[in-house]
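Read through the structure below, which is laid out as structure tokens, and then see the notes.
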Amino acid sequence: MATTPTTPDPDPTAVREPAPAPGEYSHQAILRIISGLMLAMFLGALDQTIVSTSIRTIADDLHGLSAQAWVTTAYLITSTITTPIYGKLGDLWGRKKLFMFAITVFIIGSALCSLSTSMYELAAFRAFQGLGAGGLFTLVLAIIGDIVSPRERAKYTGYFMATFGSSSVLGPVIGGLLAGTDTILGVTGWRWVFLVNVPIGIVALVVVFRTLHVHHVKRSSAIDWMGAVALCICLVPLLVVLEQGREWGWSSGRSVGCFVIAAVGLALFVAAEAKMRDAALIPLRLFTIRPAVVTIIASVIVGMGMFGGMMLLPLYMQIVHGATPTESGFLMLPMVAGLMAASITSGRIISKTGRTRAFPIAGSGLMALGMFALTTISADTHLWTVAIMMLVVGYGVGNCMQPLMLTMQSSVPPTAIGMATSSATFFRQIGGTIGVAIFLSMLFGSVGANIQSAFADARPQIAALAKDPSFQPSSIDREVLAGDNTVFAHVQNDSSIIERMNPVLAHPFKAGFADSIASVFWVSGGLGVLAFLVLLTMPEVELRQQSASAAVAAAEAREDAADG
């Protein structure tokens, strides 16, 4: 007689993985979500480096070299202003739809940029693109805060640092290759600098739509429109003058006017935030939380030193050592490697101990040490020596970024994690913008005198070259030998002509730039010391064991139980 098969009883001794509590996620679910977040982070980080490499080629093709700075300024203004807005709206309305909106705007903006017919049109489209870019980094970091506890979050740092590092290296390489190609599939090469964002963005959008399922409790709150308007009044003129002030003159009427309007906007913003209280974009009570205050101040200082220093090094590689933009991207690898190694190492230790305080203190000290070491570079310094110094700087910065963000997120209630994340990112961006403006002004303010001094030191070698019968001077060489001042002015706008000079005549130019760049690193190193002193006042913050989403879900369950 046939027997009916039966399902065996489950083994009561088998170990089952407990189902995640409301608001908590399994490791597999987190990895699926992170795949979409990494694509979005790659999109934003790649765009920053790929455009900077190719902007001169773009400006030449669109016949608008004088308007080049406005392309950068327009993007910087909109992406910076929208950073705190995305953070606050994400706390109120949830992050998935907002994140998809930011990616969509970024994709559309990228496509429009590829259709530009003038530099001013490109600047307008870059401003639109920046409206989406402001949400990419902020919402990525806030979503991670939603789904992973601060203690566990450090385990996933390596994925994001690898993404950030690879985009930092690939950006200059891809930008150089695309800008250097006449046409690709019938489209001008530099237009692919923007078009490449479209397929990556679409894939990111699909992955985010299918994988990002984050628990969110919608909260009703007034929207701080007055604060947003006041923030625009403050930041637009401030960012414009920081980008344009070197050309205008810092004491010119336009510069002073921008500073005055920015000060008025700041006063209006503070008044609006005081009136809106907890509904504010950046609530003033945030500045009563000591760890948050220390993190904000340190973020501004580290941002100034980090972005300023990272901007100077590619200039040194390209002007002094004759590297192409693509080659300079590869030459920055030691700094990226140091940043990634420090982030992964500190992340694993923080995951085990739950302590963050020591890492940014040590990191700022290492950053200062590396920056001070870079003050010794010259036109004859070997690139291997510079690589070791960059590795130290990168390792220092890598110990600052993740621990400071974890401290900030653990210092505020779980419902405010988006605001805290965007605030830290916002102040770091402001610090970076200020640092770049100050460092560029110092560089170009001193380079002329340093070149003249280097020429005075090289007089014997130049005299010997002029008497050498085998020397066949080019037109540029003859202008330099004649002491034509137009050459010295032209070099500051187009440093590529240095490579067309005889090496003996080119060396004083390279030495002058190297001396100016080295002197700026004294300021960057001083900022590292200042950050170190500020971070010594940081109290130890206990990292939460729950993710923000789980903490909110637990609080909601307690409220329901109390009502029931």
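At a glance:
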{"item": "Options A387, A341: the member that is under 17 Å from A518 (Cβ atoms), surrounded by fewer than 19 Cβ atoms within 10 Å (Cβ to Cβ) and within 23 Å of the chain's Cα centre (by Cα)", "result": "A387"}
{"item": "Residue check for L185: more than 27 Å from the chain's Cα centre (by Cα), farther than 30 Å from F532 by Cβ and not assigned by TED's automatic domain parsing to the domain that holds A45", "result": "no"}
{"item": "Matching residues, the stretch 344-374, being surrounded by fewer than 22 Cβ atoms within 10 Å (Cβ to Cβ) and either closer than 13 Å to V392 by Cβ or in contact with a Lys or Arg (Cβ under 6 Å, 6 or more places away or on another chain) (or both)", "result": "S351, G354, A362, G365, L369, F372, A373"}
{"item": "S351 vs. criteria farther than 21 Å from E540 by Cα, in contact (Cβ under 8 Å) with a residue 24 or more places away in the chain and either outside the structural domain of P508 (by TED's automatic domain parsing) or not in a helix (DSSP H, G or I) (or both)", "result": "no"}
{"item": "Residue ranges of helices (runs of 4 or more DSSP H) in the stretch 26-122 with at least 2 members buried (at least 22 other Cβ atoms within 10 Å of the Cβ), at pLDDT 85 or above and hydroxyl-bearing (S, T, Y)", "result": "68-93"}
{"item": "Qualifying residue in the stretch 173-190 (condition: at pLDDT below 85, surrounded by fewer than 21 Cβ atoms within 10 Å (Cβ to Cβ) and of a type in the set (A, V, I, L, M, F, W, C))", "result": "yes"}
{"item": "Count of the stretch 242-260 residues which are part of a helix (DSSP H, G or I) and either in the same structural domain as G308 (by TED's automatic domain parsing) or at pLDDT below 90 (or both)", "result": "7"}
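The values are calculated or read from the model by the stated rules, or taken from the named source; none is laboratory data. If you're wondering where the values come from, they're calculated on a predicted model, not measured in any experiment. All Cβ positions, glycine included, derive from the backbone under ideal geometry; neighbour counts span all protein chains shown.
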